[in-house]
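The values are calculated or read from the model by the stated rules, or taken from the named source; none is laboratory data. All values derive from a computational prediction rather than experimental measurement. No Cβ is skipped: glycine too gets one built from the backbone with ideal geometry, and neighbour counts run over all protein chains shown.
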Amino acid sequence: MSKRKAKDSQMPIGECISQVQTLLRERLCHQQLPQRPEGVDSQHKHLLELLKRTALHGESNSVLIIGPRGTGKTLLLRCVLAELLAEEDIHKTLLQVHLNGLLQTDDRIALKEITRQLSLENVVGDQVFGSFAENLTFLLEALKKGDRSSSRPVLFILDEFDLFAHHKNQTLLYNLLDVSQSAQTPVAVVGLTCRLDVLELLEKRVKSRFSHRQIHLLRSLSFSQYLQAVQAQLHLPDASFPDSTFCHDWNASVKALCEDKSVEEVLLRHFNSTKDFRSLHRLLMASLSRVSVSNPTIKPADLLDASRLFSADAMTNVLHGLSILELCLVIAMKHLNDIYDGEPFNLQMVYNEFKRFLQRKSNSMYNFDLPVVMKAFEHLQQLEVVRPVDAAAARAQREYQLVRLMLDHSQIMEALQRYPQCPTDVKQWAASAFG
Amino acid sequence: MTASLQHPGYDQQRLQHVAEKMPCRVAQAGALLSLMGEVTQYSYPSIFLYGHRSTGKSHVMSVLLKELELPHAMVSCVECVSVGLMFKHVLLALFGPDPSSLLPRSPSLSDFVRIYRQQCPLSPANQTRYIVIEKAELLRDMDSNLLPVLLRLQELVDDNVTVILLSEIVWDRFRPNTGCFEPLLLYFPDYSKGDLQQILSQDLHPSYSAELYSAFINILLGVFYSVCRDLRELRHLAALNFSKFCEPLKEGKVKESDTHKLWRNIEPHLKKAMQTVYLREVSSVQWEEQEQEESGALKGLSAHAHVELPYYSKYLLIAAYLASYNPARTDRRFFLKHHGKIRKTNFLKKHEKTSNHLLGPKPFPLDRLLAIFYSVVDSRVAPSASIFSQISSLVTLQLLTQLGHDDQLDAPKYKCAVALDFIRAISRTVNFDIVKYLYDFL
């Protein structure tokens, strides 16, 4: 024991915490690559084989990676790429082109980006392209000149693949897939998308050129695996962390955290609503941010608080900050919704309902004129608590514009429960229209 | 303000200074700081701050970033009429004037990300960069890809950058159809009554005591708190009404301690302010003049106070109002002298449950408007071109609205777009008792 202590430099606790934060934040916020993506071994192997064939043997290919958001499509691809590039000869020859459907919003921009990423700018340099078509033919020529054996393979990665299908005539997709079908420069086209029906978006001529290889990433995680993943996310590496005693304590506390009954319950609830790793990261990040010198481990309470923060209904929060008058209007709208079965209503009706409530009460402390009520109503409209039925009706007088309430019954009642110093008569009125 | 701001990554004295600048918001600032982490640590790619208007979202953000000297760009979506302006602003704030001039004329998202990526290694700040976007609800009306790109900017530019969106609308109303990177949500709660009192009491008048000012704020909140919780609005009202509150003190009628008398003096004024200044019916300058002159009726900003119409236009407007709010089948009863025998009980039995003043005006054809006009106006009028041009000028004044297309020449349809109070005032000027002709008020 004494030997070990001598080996480790004991760091002050503040520095340890700072180290932990740096390490885990990189993991949770920056999507640092893990050693190996979990639970997707077959997909990983498939993709790796496919890309290797392009890189080494000059075989053209096209493949789609499909899966809901946050299942690790990009992660899988990046892992595979990292593994590919680790090999010396591939690293030297393989060219990569990264496109994102969000950024390259039309084919002209995409083409420019391809030229840039292939460092063909100096070749293009002085040539002025009159049209998109000319530019494209130049690029295609450049791609077509090669053959399977002599030219360098090019890897096209299309993130948000479905957005490329919205481009005019799908020219880019057509040409890329066409090149990948013919024995020209070896090209691998990898598309990533969260739309399961993405093939329906492709035109017939584009679809027929696609290899129809699809890699589906659907999380089939069990809860115990999920728990392990949580633990792995928070685990500190024994070897590389400078202070081993702190590291040991931290890992033990993480283990204890995951075994805690209440934490397990929270995680189960989270797991049942989404298996998405991003949202798990969000939860862990929120609890990690509470770790400080005075609170050196993640306590179950931190996780509970974080989960409460995310499960809290945002609309209820907004209702909490309304003035009494605005709250009264919301209640009046709720009653109108009950009476007319969800039909849209206008400000006059709401005001009428509100006045009926005031008439029943002897004290008229909320006796406001229509213009004041209208200002409150407009505020509600700005907050999008109420929404106009159609935009065309915006020309009508403001007090007769038909709107709908965007809240449900339970949200209003919950907000009322939490409203500070809510008058009793208002509460009663909310409970029943004749209260 | 017992809680103090603490974070190991920052200088304690500076944090103290920051905390003093944001009364009642220290807890929120602390939560934000702990999310942001130390200067070099990664922060979550996007954070969504929401809360009511003037709850200090922008203030807390800007004070934190400025006082702690973190690299940041603060953009308000109101100013950015095009995405190009926003990109330029962000690049200018983060990398200086040269990179921002690299942007082409109408830059696309691709250009922005490309230039950002180029600049990152050139000015290697190992600190987290922050992009704060105010009034983020307007992002939804801009380029549809802009919001998803901003949310995952960290991944796209591969830099330690955090995008912070500020909005008063909840996140659920932002989410695009195919989903996107979900930001970390953080709620800024509204100020409680005590908080408001504390903050408003800070800007006191130098020549009066703090107790007096805080008593004034108390009275002000008593009147306005149930209607309005917007700090900025309340502050404006406080500034406008304080001189009136002090008037009896200046004249020496009341002592400072006699709050009840001061209250009796100011309360009617505040009630009046709610009807006028609060609704922007009069401007603040007009309000101050009015306070000095004490000349009751002053013309306000709103159209109600000063609409002058020609004689026939007034009758046309009255006729339009009647046509909009009365069912067509009752015209016989109102406007025909010998309308035959209609059983009164039968007539008065209302078929519709709700009155027309709840549902709003109904459209009517031009013929009906003219027929009612001829029967209400007291002299004989020829259907001349001047009458028709007056109708179209009423449409231009937006007192009437024409339905359908402008090119419909035969039988155009109109709707009356004025309120009951307005039409009452108009009909009073021509001695016409409009209420007697309204079906809803029979």
Looking only at segment A:13-39, which residues are touching a residue at least 12 places away in the same chain (Cβ under 8 Å), within 11 Å of chain B (Cβ to nearest Cβ) and among the small types (Gly, Ala, Ser)?
A:14
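Would you be able to say whether some residue in segment B:6-28 is assigned to a strand (DSSP E or B), of a type outside the set (Gly, Ala, Ser), surrounded by 17 or more Cβ atoms within 10 Å (Cβ to Cβ) and touching a strand residue (DSSP E or B) at 6+ places or on another chain (Cβ under 9 Å)? Don't jump to the end; show me each part of the working.
Restricting attention to segment B:6-28, the residues satisfying the condition of being assigned to a strand (DSSP E or B) are none.
No: zero hits.
Given the criteria free of Cβ contacts under 8 Å to residues at least 12 places away in the same chain, within 22 Å of residue B:150 (Cα to Cα) and either away from every other protein chain (no Cβ under 12 Å) or charged (D, E, K, R) (or both), does residue B:60 qualify?
Details: free of Cβ contacts under 8 Å to residues at least 12 places away in the same chain: no; within 22 Å of residue B:150 (Cα to Cα): yes; either away from every other protein chain (no Cβ under 12 Å) or charged (D, E, K, R) (or both): yes.
The answer is no for residue B:60.
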When both residues are 6+ apart or on different chains and their Cβ atoms are under 6 Å apart, which pairs have a first residue that lies in segment A:346-359 and is surrounded by 21 or more Cβ atoms within 10 Å (Cβ to Cβ), and a second that is hydroxyl-bearing (Ser, Thr, Tyr)?
A:346/A:400
Checked segment B:161-206 for anything more than 10 Å from every other protein chain (Cβ to nearest Cβ), among the acidic types (Asp, Glu) and assigned to a loop (DSSP other than H, G, I, E, B); matches are B:203
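List the helices (runs of 4 or more DSSP H) that sit entirely inside segment B:63-150 and contain at least 3 residues that are in contact (Cβ under 8 Å) with a residue 12 or more places away in the chain. Break it down into steps so the answer makes sense when it comes.
Numbers: elements: B:83-95, B:97-101, B:109-122.
The qualifying helices (runs of 4 or more DSSP H) are B:83-95, B:109-122.
State all residues of segment A:116-163 that are touching a strand residue (DSSP E or B) at 6+ places or on another chain (Cβ under 8 Å), modelled with pLDDT of 75 or more and within 23 Å of residue A:54 (Cα to Cα); if no residue qualifies, say none. Step through it out loud before you land on a result.
Initial filter on segment A:116-163 (touching a strand residue (DSSP E or B) at 6+ places or on another chain (Cβ under 8 Å)): A:117-118, A:143, A:152-162.
Retained after the next criterion (residues that are modelled with pLDDT of 75 or more): A:117-118, A:152-162.
Matches in segment A:116-163: A:117, A:118, A:152, A:153, A:154, A:155, A:156, A:157, A:158, A:159, A:160, A:161.
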Scanning segment B:142-178 residue by residue, those more than 23 Å from residue A:314 (Cα to Cα), among the polar types (S, T, N, Q) and buried (at least 19 other Cβ atoms within 10 Å of the Cβ) turn out to be B:145, B:154, B:160
Please state which one of A:314, A:332 is hydrophobic (A, V, I, L, M, F, W, C) and under 23 Å from residue B:181 (Cα atoms).
A:314
Just a yes or no: is a residue in segment A:356-374 modelled with pLDDT of 85 or more, within 12 Å of chain B (Cβ to nearest Cβ) and not in a helix (DSSP H, G or I)?
no
Of the residues in segment A:184-206 that are under 21 Å from residue A:51 (Cα atoms) and more than 14 Å from chain B (Cβ to nearest Cβ), the one that is nearest to the chain's Cα centre (by Cα) is A:191
The one condition residue B:43 fails out of (1) modelled with pLDDT under 90; (2) in contact with an Asp or Glu (Cβ under 9 Å, 6 or more places away or on another chain); (3) within 26 Å of residue A:30 (Cα to Cα) is (2)
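Which of the residues belonging to segment B:364-402 are among the hydroxyl-bearing types (Ser, Thr, Tyr) and within 14 Å of another protein chain (Cβ to nearest Cβ)?
Our first condition is that a residue be among the hydroxyl-bearing types (Ser, Thr, Tyr); within segment B:364-402, this holds for B:374-375, B:379, B:384, B:386, B:389, B:392-393, B:396, B:401.
The answer is B:401, and nothing else.
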Which members of segment A:389-404 meet the condition of being buried (at least 16 other Cβ atoms within 10 Å of the Cβ), of a type outside the set (A, V, I, L, M, F, W, C) and at pLDDT 80 or above?
A:399, A:400, A:401
Looking only at segment B:360-386, count every residue that is crowded, with 18+ Cβ neighbours inside 10 Å, among the aliphatic types (A, V, I, L, M) and assigned to a helix (DSSP H, G or I) and tell me the total.
4
From A:381, A:428, grab the single residue that is more than 8 Å from chain B (Cβ to nearest Cβ), in contact with a Pro (Cβ under 8 Å, 6 or more places away or on another chain) and part of a helix (DSSP H, G or I).
A:381
Taking segment B:93-108, which residues are more than 31 Å from the chain's Cα centre (by Cα), crowded, with 16+ Cβ neighbours inside 10 Å and not hydroxyl-bearing (Ser, Thr, Tyr)?
B:94, B:95, B:99, B:103, B:107
Is one or more of the residues making up segment A:89-108 surrounded by fewer than 19 Cβ atoms within 10 Å (Cβ to Cβ), touching a His at 6+ places or on another chain (Cβ under 9 Å), within 13 Å of chain B (Cβ to nearest Cβ) and within 25 Å of residue B:180 (Cα to Cα)?
yes
Within segment A:206-233, can you find the residues that are surrounded by 14 or more Cβ atoms within 10 Å (Cβ to Cβ) and either in contact with a Lys or Arg (Cβ under 9 Å, 6 or more places away or on another chain) or in a strand (DSSP E or B) (or both)?
A:214, A:215, A:217, A:219, A:221, A:226, A:231, A:233
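Pull up segment B:387-442, narrow it to residues that are touching a Lys or Arg at 6+ places or on another chain (Cβ under 8 Å) and in a helix (DSSP H, G or I), then point me to the one that is surrounded by the fewest Cβ atoms within 10 Å (Cβ to Cβ).
Checked segment B:387-442; the qualifying residue surrounded by the fewest Cβ atoms within 10 Å (Cβ to Cβ) is B:429.
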Across segment B:188-228, which residue is farthest from residue B:240 (Cα to Cα) among those that are among the acidic types (Asp, Glu) and touching a residue at least 40 places away in the same chain (Cβ under 8 Å)?
B:190
What pairs can you find where one residue is in segment B:253-265 and closer than 13 Å to residue B:214 by Cα, the other is loosely packed, with under 13 Cβ neighbours inside 10 Å, and their Cβ atoms are less than 8 Å apart, with a gap of 6+ or different chains?
B:256/B:209
Counting just the residues of segment A:286-316 that are touching a strand residue (DSSP E or B) at 6+ places or on another chain (Cβ under 9 Å) and part of a helix (DSSP H, G or I), which one comes out nearest to residue A:256 (Cα to Cα)?
A:302
Of a type in the set (D, E, K, R) and either in contact with a Phe, Trp or Tyr (Cβ under 8 Å, 6 or more places away or on another chain) or surrounded by 20 or more Cβ atoms within 10 Å (Cβ to Cβ) (or both), is that true of residue A:326?
yes
Output for segment B:12-27, where each listed residue is within 14 Å of chain A (Cβ to nearest Cβ) and touching a Leu at 6+ places or on another chain (Cβ under 8 Å):
B:15
Does residue A:304 fit the bill of being surrounded by 20 or more Cβ atoms within 10 Å (Cβ to Cβ) and either away from chain B (no Cβ under 12 Å) or not acidic (Asp, Glu) (or both)?
no
